[in-house]
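One structure below.
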Amino acid sequence: MMLITATPPHDPRGGLIFPEENGVWVVMMAGANKDYPPTDEEGFTAFARSLGPEFSGAVAAATPISKPIGYRGTDSRWRHYEKLARWPERYVVLGDAFCGFNPVYGQGMTVAALSAVALGDALRHNGGELDGVAQRAERAFGKVTEGAWLLATGADYAWPETVGGERSNGLAARFGRWYIDQVLHAVAVDPQVRMAFNEVNQLVKPVPSLFAPGIFWRVMRSRS
Ligand SMILES: Cc1cc2nc3c(=O)[nH]c(=O)nc-3n(C[C@H](O)[C@H](O)[C@H](O)COP(=O)(O)OP(=O)(O)OC[C@H]3O[C@@H](n4cnc5c(N)ncnc54)[C@H](O)[C@@H]3O)c2cc1C
């Protein structure tokens, strides 16, 4: 596969080419900061060219099986049902209806699955009695959503054109953003930090595991 990553804040273009079955390859191009890849053939080709000769050469060598298809649904939206003081009994909302993510980060299905596990736990905890489960479950969904939300919105806010929501600018939030930047530099040079980051990024471990002393010092050392 070939992957060209966009780099915030000023290098918004990226692309990905990867194989599917039967000799079919997917070509995906993306532009942050509203730098949308065109879906007409000429604009598509020009955008591919801007990603470098290897990328545009691979695209030019292929036979298209469809016209380019554009997609601009990149918002993330958390409805915070877990914060409501009152909630109807035996009524459960999870998945995208609870929190939808910018799909570029590929988190929605995993968070929905983690929420389903949390719902199972809440049902078991209540000994099979259905009343009293729903609100506890909504609160549990809030917890499993937190880490993915932080990663997705943190990455989106690195782009100056991102709109909506409120971005905390307190000391802890600024330190958190600075530290995650250092982690991202360290993943390129330290396999242990890379593994720790992958586990968080794949939602196997919570975000605070990146602040564990063993990882923290490796991240700091990688700066020198
Ligand atoms: C382009 C794109 C790429 C993505 N890539 C990834 C990825 O790589 N990894 C990942 O984990 N997630 C990814 N996601 C996110 C993932 O698809 C969603 O998080 C997941 O599908 C949410 O599941 P859901 O059941 O909550 O909602 P949905 O899958 O949207 O299902 C809701 C269903 O309800 C139906 N419906 C709506 N209204 C009504 C109604 N009134 N009556 C009856 N039925 C109704 C809809 O037709 C739909 O079938 C991606 C999303 C997009 C858009």
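Quick note: the coordinates plus some simple rules give every number you see, no bench work behind them. Here the structure is a predicted model, which is why all the values come from computation and not from measurement. Backbone-built Cβ (ideal geometry, glycine too); neighbour counts: all protein chains shown.
Do you know the relative contact order of region 77-128, to the nearest whole percent, from alpha carbon pairs under 8 angstrom that are 6+ apart?
This gives 33 percent for region 77-128.
Dividing the alpha-carbon Rg of region 171-222 by 2.2 N^0.38 Å yields what?
1.02
With θ set to phi - 60°, apply the Karplus curve 6.51 cos²θ - 1.76 cosθ + 1.60 along region 199-207 and write out the HN-Hα couplings as whole Hz, x wherever there is a Gly or Pro.
Per residue, the Karplus-derived 3J(HN,Hα) values read 4, 6, 5, 8, 6, 7, 10, x, 3 Hz.
What FRET efficiency do you get for F175 and A58 if R0 is 41 Å and r is their Cβ-Cβ distance, rounded to the nearest 0.05?
0.50
Assuming a viscosity of 0.890 mPa s and a temperature of 25 °C, what translational diffusion coefficient in µm² per second does Stokes-Einstein assign to region 2-60, Rh being the Kirkwood radius over Cα pairs?
208 µm²/s
Less than 19 Å from a label point 7 Å out along the Cα-to-Cβ axis of A158: which backbone N atoms in region 10-28 qualify, by residue?
Residues 10-17 fall inside that zone.
Modelled label-to-label distance, H185 and V26, 7 Å Cα→beta-carbon offset: nm?
Simple spin-label model gives 3.3 nm for this pair.
Under a Cβ-Cβ cut-off of 14 Å, what is the net charge of the residues other than S209 that fall near it, where Lys and Arg count +1 and Asp and Glu count -1?
Summing Lys and Arg as +1 and Asp and Glu as -1 gives +1.
Could you tell me the relative contact order of the chain? Use alpha-carbon pairs under 8 Å, at least six residues apart, and round to a whole percent.
After rounding, I find 14 percent.
Describe numerically, in nm with one decimal, the distance between label points set 7 Å from Cα along Cα→Cβ at Y36 and at H80.
The modelled label-to-label distance comes out at 3.0 nm.
On a 0 to 90 degree scale, rounded to 10, what angle separates helix 134-157 from the longest Cα axis of the chain?
Taking Cα atoms only, the helix is inclined about 30 degrees.
What are the equivalent ellipsoid semi-axes of region 84-224, built from the alpha-carbon gyration tensor (square roots of five times its eigenvalues), in whole angstrom, biggest first?
33, 18, 13
What shape does region 77-157 take by its C-alpha gyration tensor, where a ≥ b ≥ c are the square roots of the eigenvalues and a/c under 1.5 counts as rounded, a/b above b/c as prolate, and the rest as oblate?
prolate
If you average the C-alpha positions of region 159-200 and of region 127-154 separately, how far apart do those two centres end up, in angstrom?
If we compute the Cα centre of each part, the gap is 23 Å.
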